Amino acid sequence: WYRIFDDLHKVEYFVPAEYLRIVPLEEFTPLSSSVDPALKRIELHLDRQELTAYEDQIPVYSARISSGKKVYGRYTTPLGRFMTFHKRHSRHMAAGNLASGGYDLPGVPWVTYITKGEVSFHGTFWHNDLGTPHSHGCINLSAQDAKWLYRWTIPSVPPEEQYVYESFGTRVEIS
């Protein structure tokens, strides 16, 4: 059994070990740490449901995404320039009433926020419809893609910490 902490409800649970895995330290190691952070940027194209990461002018990673659904004739994923200033290894995300379209998702992996407490890049385990708008505004990725982005962007989260919140980060452009 392992004791885990639910960051939303601020309670601890005990979970059988067979349902968990210990994440090795190398899975937290930053990627491309020798690249000047000012040369890293992410471009997100909602019309193509695609993300591309660049080091200087060179594309180094691309992934399919699921952005916010169209609501009242517009995307709920914001357009504009942002930065990855707040990151968490995982998060319990919940909003609204489940019966009327809300959600309650414990253990959302590799969360990289671009707006204060709202919109983030993160892994998804509740759908496999990447390439189609599907979220409430966040940018859904496969767990593997979310982990890559989490490790590649700044700021870095030390493995012994639950999160980091800074005044700087990797540039993100959403169009």
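The values are calculated or read from the model by the stated rules, or taken from the named source; none is laboratory data. Source: prediction; values computed, not measured. Note that each Cβ is placed from the backbone with ideal geometry, even for glycine, and that neighbours are counted across all protein chains shown. Remember, those area values only see protein heavy atoms, side chains included, never the ligands or the DNA or RNA. Shrake-Rupley method; radii C 1.70, N 1.55, O 1.52, S 1.80 Å.
Here are some residues: Gly123, Gly68. Which one is touching a Lys or Arg at 6+ places or on another chain (Cβ under 8 Å), open to solvent by less than 40 Å² (accessible area, probe 1.4 Å) and not polar (S, T, N, Q)?
Exactly one of Gly123, Gly68 is touching a Lys or Arg at 6+ places or on another chain (Cβ under 8 Å), open to solvent by less than 40 Å² (accessible area, probe 1.4 Å) and not polar (S, T, N, Q), namely Gly123.
Which one is least open to solvent (accessible area, probe 1.4 Å), of the residues in the stretch 34-62 that are within 15 Å of Gly169 (Cβ to Cβ) and part of a loop (DSSP other than H, G, I, E, B)?
Val35
I need the full set of residues from the stretch 126-169 which are part of a strand (DSSP E or B), open to solvent by less than 30 Å² (accessible area, probe 1.4 Å) and under 19 Å from Phe85 (Cβ atoms), in order please.
The answer is Ile139, Leu141, Val164.
Of the residues that make up the stretch 85-94, is at least one among the hydroxyl-bearing types (Ser, Thr, Tyr) and touching a residue at least 12 places away in the same chain (Cβ under 8 Å)?
yes
One residue is enough: does the stretch 2-22 have a residue meeting the conditions touching a helix residue (DSSP H, G or I) at 6+ places or on another chain (Cβ under 9 Å) and either of a type outside the set (Val, Ile, Thr) or more than 21 Å from Met93 (Cβ to Cβ) (or both)?
Checking the stretch 2-22: at least one residue is touching a helix residue (DSSP H, G or I) at 6+ places or on another chain (Cβ under 9 Å) and either of a type outside the set (Val, Ile, Thr) or more than 21 Å from Met93 (Cβ to Cβ) (or both).
List, please: which pairs have Cβ atoms under 9 Å, are six or more places apart or on different chains, and start with a residue in the stretch 52-63 that is at positive phi and end with one that is among the β-branched types (Val, Ile, Thr)?
Asp56/Val35
Restricting attention to the stretch 66-81, does a residue exist that is more than 13 Å from Gly137 (Cα to Cα) and in contact with a helix residue (DSSP H, G or I) (Cβ under 9 Å, 6 or more places away or on another chain)?
No, the stretch 66-81 contains no residue that is more than 13 Å from Gly137 (Cα to Cα) and in contact with a helix residue (DSSP H, G or I) (Cβ under 9 Å, 6 or more places away or on another chain).
In this structure, does Ser120 turn out to be more than 17 Å from Phe28 (Cβ to Cβ), free of Cβ contacts under 8 Å to residues at least 60 places away in the same chain and among the polar types (S, T, N, Q)?
yes
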